[in-house]
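Taking it in order: structure first as structure tokens, then the write-up.
The values are calculated or read from the model by the stated rules, or taken from the named source; none is laboratory data. All of these numbers come straight from a predicted model, not from anything done at the bench. Here the Cβ positions follow ideal geometry from the backbone for every residue, glycine too, while neighbour counts run over all protein chains shown. For accessibility, only protein heavy atoms count, side chains too; no ligands or nucleic acids. Shrake-Rupley method; radii C 1.70, N 1.55, O 1.52, S 1.80 Å.
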Amino acid sequence: MPSLKEIKTRIASVNSTRKITSAMKMVASSKLHHAQVMIENMLPYECELEHILKSFLASVPEVQTPFNVERKHIRRVALVVYSSNSSLCGGFNANILKMLQHAVEDYRTQGISDITVYPIGRKVAERVAKMGLPSAGDYLELAEKPSAVDCRDIAKRIAERFVEGEYDKVEMIYHHFKSAGSQILTRKTFLPIDISTELGRDNDRDLSSNIATAKAQEYLKKKGKSKERIVEEVVPLNDNFLVEPDLPTVLTQLIPKQLHLMLYTALLDSKASEHAARMVAMQTATDNADELLRELNLQYNKSRQQAITNELLDIVGGSVNN
């Protein structure tokens, strides 16, 4: 059995660690709220633009652009992968790296070896270097501070290379932020544009709360489906479009904006998911520290009581002998 001094030293150590994890949880919660506000401010514009573009492309079947025509033979692929620059966020980065590895192996089994990665985040950049895959640049700062301007430049660069034939397909790998307690690992096609996908399918985020404790998650799992939020139905647009000045001009304006917003939305999703995952991880660590402290305090009290009992027995035994 450890001595009282050893137990007391360990209690002090656990207390110190608990203060750190509790502070990190509060910081992550604050950053998560900021990330939720950014997504909430961007969503109305992004949703409406997606609705306009896809309704327009769907209602005019003869529209053929370099961005929505699927290539018959895929030889060159680009992957835009989002991770974080720092650790201590649970399985956030590990899941992204597993998905990246799976995507690369999937393409290689199809005979596709020309794979370029756009690593947004230090963790994925390090893994890309270890895997020996070609990297399209350094975007560590973008993972730390989301920038709409930088996302626009990346989207423009990818679109130009796609049109020129350097890429036959482009995919994004990121965490879709659904709620503070749920982040969905997503592998989504960036180019060519898929107009068959449901409009607004990625807009199911719950931005009203940042509560994601272990007890709350367990309660939701037992209860099953939570109450569905009431969503107003989007009024369908009139499909009788009058294009001015001409169709190519309109599409050259709409499509780059939509591609830019897809990258920026994925970046905001990834950033919010990182903060949510870190908040849950730090909350779990704090709860574990509380449990460990209870056990250590109990062990300390038992050892202290045992030491007092032994001293009393020695005193009583000595008095009897005398």
Quiz item: in a loop (DSSP other than H, G, I, E, B), at pLDDT 75 or above, exposed (fewer than 10 other Cβ atoms within 10 Å of the Cβ) and out of contact with any strand residue (DSSP E or B) (no Cβ under 8 Å at 6 or more places or on another chain) - does that describe any residue in region 161-173?
Solution: no
Quiz item: Restricting attention to region 286-305, which residues are closer than 15 Å to THR9 by Cβ and among the aliphatic types (A, V, I, L, M)?
Solution: LEU292, LEU293, LEU296
Quiz item: Any residue in region 228-241 that is of a type outside the set (Phe, Trp, Tyr), modelled with pLDDT of 85 or more and under 33 Å from the mean Cα position of the chain (by Cα)?
Solution: no
Quiz item: Restricting attention to region 262-273, and to residues there that are open to solvent by 10 Å² or more (accessible area, probe 1.4 Å) and not β-branched (Val, Ile, Thr), which single residue is nearest to ASN41 (Cα to Cα)?
Solution: TYR264
